[in-house]
1. May I ask you to derive the FRET efficiency for residue 72 and residue 94 from their Cβ-Cβ distance with R0 = 30 Å, giving the value to the nearest 0.05?
2. Provide the gained length on full extension for the span residue 140 to residue 86, in nm with one decimal, where the gain is 0.36 nm per separating residue minus the Cα-Cα distance.
């Protein structure tokens, strides 16, 4: 019994740091749509430059092989999708919910109650980014979800039980 009494204050401190566990509301405000959008653009710009370098340097993609066979196209597409997924999964896992774009704009992903993401949450929220490669839709489902949900959550956030939060903001609906 003494162990439980000693443990209670520590648990309470962790709960306060993470947010209000009873109501499930994190102490930091939601990230605004513009900040999330700019973080999205920064991350995709980094990926685009990386793809240009890798495909151009290692596969001579732009120099010699403008026209390539179907198996080469499949290989390049598979590598691109795998790199795209790994970028978000690894950064959010090792950087505690941040990617370089989120880091630059002081936002991060967390569980709904404000705690750090576990690997399952990171995996689920990011594997749903594969919908970005389905031609007529691309990011349309996520945009609709962001606009229609009260807490501005994309599909990956809804299914994984995560939110995108802003550090150091007084209002959650501020554009930046």
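Quick note: the coordinates plus some simple rules give every number you see, no bench work behind them. These numbers come from a predicted model, not from an experiment. With ideal geometry, Cβ positions are generated from the backbone for all residues, glycine too; neighbour counts draw on all protein chains shown.
1. Values: r = 32 Å, r/R0 = 1.07.
The value I calculate is 0.40.
2. Full extension of this stretch gives 17.3 nm more.
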